[in-house]
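To keep things clear, I will list the structure first and then write my remarks on it.
The values are calculated or read from the model by the stated rules, or taken from the named source; none is laboratory data. Remember, it's a predicted structure, so these values are computed and weren't measured experimentally. Because the Cβ atoms are built from the backbone with ideal geometry, glycine has one as well, and the counts that use them run over all protein chains shown.
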Amino acid sequence: MSLEKDDVEKIAHLARLSIDDADVPGYVENLSNILRLVEQMAGVDTDDVVPMAHPIEASQRLREDEVTEVDQRERFQRLAPAVENGLYLVPKVIE
Amino acid sequence: MFEKTLSELSQALHAKKISSVELTQAYLDRIERLGEQSNSFITVTVEQALVQARAADQRIAAGEAGPLTGIPLAHKDIFCTDGVRTSCASRMLDNFIAPYDATVVERLAAAGMVMLGKTNMDEFAMGSSNETSYYGPVRNPWDPERVPGGSSGGSAAAVAARLTPAATGTDTGGSIRQPAALCGITGLKPTYGRVSRYGMIAFASSLDQAGPMTRSAEDAALLLQAMAGFDPRDSTSIDRPVPDYRASLEHSLAGLKIGLPREYFDQGLDAATAAVIEAALDQYRRLGAETVDISLPNSGLSVPAYYVIAPSECSSNLSRYDGVRFGYRCEAPRDLEDLYKRSRGEGFGAEVKRRIMVGTYALSAGYYDAYYIKAQKIRQLISADFRRAFEQVDVIMGPATPSTAFRLGEKTDDPVSMYLSDIYTIAVNLAGLPGMSIPAGFVDGLPVGLQLIGGYFQEARLLNVAHQYQQVTDWHRRAPGEA
């Protein structure tokens, strides 16, 4: 599998990553090489194999539905680039 | 003093031959004097360390100390540390002061250990050479022109250079064992779920696991004892008793069956490294163990499967870095999409972006079955290989890496060649098994690591097997010369 410039630009958009134009050819080459490595899997017959999602086949643990955390909004929001009145600020979305 | 093991330091502290403040200050001075040579620390927490050391001395005086109380250690900068920058070696988190402690950090602090600082690493633990760090590469203490391995390269180099008696690391595809091998130290990746991942910044959640990086197996046993155990805050933590890891260290290896996978001794293995591994296996035979040739037929597929599964999980985990709630935000965003794209584009380094894009592609519509599901099926085959092998043998041994430490810059232009340096470690993560690397000798002055792989939750057995070897060899006591 070889990717083209357009493919890399589309993937970068899906991943919400800005990529400098000058870096695109490098990504085209690197990502194509990685996909070629990965495609060694294609030759293996896995028709009857159950996919393994997790190394220890455990079911999701559930707990009682009760409050275990205290409100630390102010503490956590001190880490944010921009907040106002307890809200995170982003550029205007709705005109 | 810098050659003392954790148990020797513990004895000295309890006998009041040295105080924790004196010991901590000595290590801080040593980091100040030599730390820049290897660039193994991102942050040194001088004041906090001395506060913790004073508290440890009080505990010792009051007779309330445990075996690790007062002993310094360093944490990989992937573990959240309350009030201390936790960067994951990324520009994205350069300004991130963690608001809570990881469970591993909390448990080791509760044991009375003193944090010297946070060690350098590959950005978001993505790399095998510590060259993807935003804070610059770590240099191997055995040869400053060579890499220490990665991603826990700062932890490995700091332990090797005697800048800390012990460190924590994490291992997603070999990130404890490979740098331990290349720096000549002892590193243990426990069974998936044995050590809590809470507060450990996520890379690939079905593979990530934390473990000790030390100078001996006995030290690793001491540290793992304090790290391991059930944590309700990690949904994949295993609720299972933690054995006494030191209790079985002295067990005899007579009759131990060691499996040697032929795929780990093929043409990809450097001949000089192979000779060191063979000599280590001879030592095990002299200790009464028996070696058995085995096969892990699908192990060649571990790197391809890993480079679908790990990037897929990474692309999902790293979607949280959006420039809104914490971390890096770009200057003057035009709109919300520009804010996301430029914050992420400027905040992440090239390797992280590559992996996010590979994962995004593998999980995108039309490709999911061909890549992600296929990789999970291969993962099942790899895991089944190990299950079959452990019906025959007690432990598996082989090289931890195909060769000794490579030169800085040697593989940075070719990600695939970098990925292949983890060819002997990745399968263990895919299966979720415990694995270790211990020093087994040198090639041209560079350390070689012997890898030990055990069955699920067989950490005590691995530590026993490693300790017995370290009783009859001194490779683990060799120290790099001070430049």
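Which one of these does residue A:5 not meet: (1) among the basic types (Lys, Arg); (2) more than 8 Å from chain B (Cβ to nearest Cβ); (3) buried (at least 16 other Cβ atoms within 10 Å of the Cβ)?
(3)
Can residue B:288 be described as modelled with pLDDT of 95 or more, loosely packed, with under 15 Cβ neighbours inside 10 Å and within 18 Å of residue B:393 (Cβ to Cβ)?
Criteria met by residue B:288.
Determine whether the range A:42-62 contains at least one residue that is more than 9 Å from chain B (Cβ to nearest Cβ), in a loop (DSSP other than H, G, I, E, B), among the hydroxyl-bearing types (Ser, Thr, Tyr) and more than 26 Å from residue B:353 (Cα to Cα).
So far as the range A:42-62 goes, yes, one or more of its residues are more than 9 Å from chain B (Cβ to nearest Cβ), in a loop (DSSP other than H, G, I, E, B), among the hydroxyl-bearing types (Ser, Thr, Tyr) and more than 26 Å from residue B:353 (Cα to Cα).
If you take the residues in the range B:220-250 that are among the small types (Gly, Ala, Ser) and touching a residue at least 24 places away in the same chain (Cβ under 8 Å), which one is farthest from the other protein chains (Cβ to nearest Cβ)?
B:247
Return only the number of the condition from (1) part of a helix (DSSP H, G or I); (2) within 30 Å of residue B:445 (Cβ to Cβ) that residue B:354 does not satisfy.
So the condition that residue B:354 fails would be (2).
Which residue out of B:358, B:352 is more than 30 Å from residue B:262 (Cα to Cα) and either modelled with pLDDT under 95 or more than 7 Å from every other protein chain (Cβ to nearest Cβ) (or both)?
B:352
Any idea which of (1) at pLDDT below 95; (2) part of a loop (DSSP other than H, G, I, E, B) is the one residue A:74 doesn't satisfy?
(2)
Any chance the range B:413-422 includes a residue that's touching a Pro at 6+ places or on another chain (Cβ under 8 Å), at pLDDT below 95, surrounded by fewer than 19 Cβ atoms within 10 Å (Cβ to Cβ) and not acidic (Asp, Glu)?
Restricting attention to the range B:413-422, the residues satisfying the condition of being touching a Pro at 6+ places or on another chain (Cβ under 8 Å) are B:420-421.
When the remaining residues are screened for being at pLDDT below 95, the result is B:420-421.
So of that shortlist, the ones also surrounded by fewer than 19 Cβ atoms within 10 Å (Cβ to Cβ) come out as B:420.
From what's left, not acidic (Asp, Glu): B:420.
Scanning the range B:413-422 turns up at least one residue that is touching a Pro at 6+ places or on another chain (Cβ under 8 Å), at pLDDT below 95, surrounded by fewer than 19 Cβ atoms within 10 Å (Cβ to Cβ) and not acidic (Asp, Glu).
Can you name every residue in the range A:63-86 that is surrounded by 16 or more Cβ atoms within 10 Å (Cβ to Cβ), more than 7 Å from chain B (Cβ to nearest Cβ) and among the aliphatic types (A, V, I, L, M)?
A:83
Counting only residues that are touching a residue at least 40 places away in the same chain (Cβ under 8 Å) and farther than 23 Å from residue B:203 by Cβ, how many does the range B:358-383 have?
1
Please note which helices (runs of 4 or more DSSP H) are completely contained in the range B:1-119 and include at least 2 residues that are under 21 Å from residue B:246 (Cα atoms). Full working, then the answer.
On the way: elements: B:6-14, B:20-38, B:46-61, B:103-110.
Helices (runs of 4 or more DSSP H) meeting the threshold: B:6-14, B:103-110.
Give the residues of the range A:8-41 that are at the interface with chain B (Cβ under 7 Å from one of its Cβ atoms) and part of a loop (DSSP other than H, G, I, E, B), sorted by residue number.
Once the filter is applied, which keeps residues that are at the interface with chain B (Cβ under 7 Å from one of its Cβ atoms) and part of a loop (DSSP other than H, G, I, E, B), the range A:8-41 yields A:15, A:16, A:17, A:18, A:19.
Give the number of residues within the range B:284-310 that are within 11 Å of residue B:359 (Cα to Cα) and at the interface with another protein chain (Cβ under 8 Å from one of its Cβ atoms).
Number of matching residues: 2.
In this structure, is residue B:429 buried (at least 23 other Cβ atoms within 10 Å of the Cβ) and more than 19 Å from the chain's Cα centre (by Cα)?
Answer is no for this residue.
List pairs: first residue in the range B:66-90 and more than 20 Å from residue B:21 (Cα to Cα) and modelled with pLDDT of 95 or more, second residue surrounded by fewer than 24 Cβ atoms within 10 Å (Cβ to Cβ) and among the charged types (D, E, K, R) anywhere in the structure, Cβ distance under 7 angstrom, at least six positions apart or on different chains.
B:80/B:101; B:81/B:101; B:82/B:101; B:87/B:94
Among the residues of the range A:8-46, write down those that are among the charged types (D, E, K, R), closer than 29 Å to residue B:343 by Cβ and out of contact with any Phe, Trp or Tyr (no Cβ under 8 Å at 6 or more places or on another chain).
A:9, A:10, A:20, A:21, A:23, A:29
So which residues in the range A:8-22 are surrounded by fewer than 17 Cβ atoms within 10 Å (Cβ to Cβ) and either touching a Lys or Arg at 6+ places or on another chain (Cβ under 9 Å) or more than 17 Å from residue B:351 (Cβ to Cβ) (or both), if there are any at all?
Scanning the range A:8-22 gives A:9, A:10, A:13, A:14, A:21, A:22.
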